[in-house]
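What follows is a single structure, written as structure tokens, with notes after it.
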Amino acid sequence: MPKAKNNCCSFCGRAASEVQFLVPGGTPGVFICDSCIDVINGMIQEMEQEKKSNSKKSLGKKLSDVPKPVQIKEFLDQYVIGQESAKRYLSVAVYNHYKRLMQADDDTDIEKSNIIMVGPTGTGKTLIAKTIARLLDVPFTIVDATVLTQAGYVGEDIESLLTRLLQAADYDVAKAERGIVFIDEIDKIARKGDNPSITRDVSGEGVQQGLLKLLEGSVVNVPPQGGRKHPEQRMIPVDTKNILFICGGAFDGIEQKIAHRLNSHAVGYATGSQRRVKKDDYLQYVEPQDLKSFGLIPEIIGRLPILTHLEPLNREALRRVLTEPKNAITRQYEKLFKMDGVKLKFNEDALDLIVDTAVKYKLGARGLRSIVESVMIDSMYEIPGTDAKQFTVTRQLVADQLAKSTKIHH
């Protein structure tokens, strides 16, 4: 390369008289001409186009490659017991998400339909999201709304939830912009009172306001490592227009809001049909105005147009949860014992007692795990060091262990 004075391009070597202008670099004596700038700009655009086309290819060459809603639900059925309504809603939403990503550029633009799932703790909201993630060919991440706070306060800024999606996409922005985000515990950011806040609601209404721009679709500057933003930090711009958001929350106490709304329709004597609505059945009547009464702002509710509910698990469903799913807790323990050369068996009446205990403490499917953990802890401690080839969990063993367990007993 010739010596660079004030009269030649450091890249192509052309003199100042041969080009329209020279742009000085950060180092003295280094310049770049307008022709080289055009070439570099063209190369960048080609690379961007190639990245976008590669991202589209990763979704499947055609729509026929994408699992249909019925197939998605059948996959969910292998892991999630019951919740037919929620599984159908999610299956359709995920399939439509793929269709949106593959839509042709014409006059009709398919809008995305973000989802909100309402259901008691331990009914399978997070499990449904995790199971769908196994099936999908798009980046998927689960984030917890409880760690988010308004910008400027201790905690994670709202944009940091997109950092997880970027990580799931190996920092391929084009791929991340077609992903799915499951926001868990969305009910924990409800505002505390029914009136708009006039003071700072650090982890409530302020976070909801911050989520609006993500849900509706806009270009958001995301910190690459998550956490808090810093003025000198390099940001990654992410367009959320094509990101599907699925929100889930227990909304503990929303049944009272629904009951109040249902009863308020009656004038004079309550009708027989209203009297027949059981407390456990109220969730099937959930409507957007109930979420507003609970503390979600109307703008958030408007950007979550699909509202579905999960039923509380009854005794029969809990009994099936123990043994039927591919990753049922009893199957997990059978596998653990098998790795030590021991064949594990659960007696039917032992399983019945575990289910009865879970029903008593109203912890849903999550309660089943903690109960089985308490029952099995001593056996898991003692048996691996013995010559036992078979072990049976009896009703008496379950009763003895539950009586011993401080976790359950107290």
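Derivation of every value follows stated rules applied to the coordinates shown; laboratory data play no part. These numbers come from a predicted model, not from an experiment. Cβ: placed from backbone, ideal geometry, glycine included. Neighbour counts: every protein chain shown.
Restricting things to alpha carbons, tell me how big the stretch 343-410 is in terms of Rg and Dmax, in Å.
12.1, 38
Quick one: of LYS73/LYS338; LYS338/LYS362; LYS73/LYS257; LYS87/LYS292; LYS112/LYS326, which pairs are farther than 27 Å apart, Cα to Cα?
Exceeds cut-off: LYS73/LYS338; LYS338/LYS362; LYS73/LYS257; LYS112/LYS326.
How far apart, in nm, are the 7 Å Cα→Cβ label points at ARG369 and THR394?
In this crude spin-label approximation the distance works out to 3.0 nm.
Would you list the P(r) distribution for the stretch 288-391, with all Cα-Cα distances sorted into 5 Å bins from 0 and each bin expressed as a whole %?
Reading upward from the zero bin: 2, 11, 18, 16, 12, 10, 9, 7, 5, 5, 3, 2, 0.
Give the cross-link partners of LYS125 among the aspartates and glutamates, using a straight C-alpha distance below 16 Å as the criterion and excluding same-chain residues fewer than 8 apart.
In chain and number order, the partners are ASP77, GLU84, ASP144, ASP184, GLU185, ASP187, ASP252, GLU311.
Quick one: which of 360-368, 119-127 comes out on top by average Cβ neighbours within 10 Å, and what's the full order, highest first?
Working: 360-368: 17.6, 119-127: 22.6.
Top of the packing list down: 119-127, 360-368.
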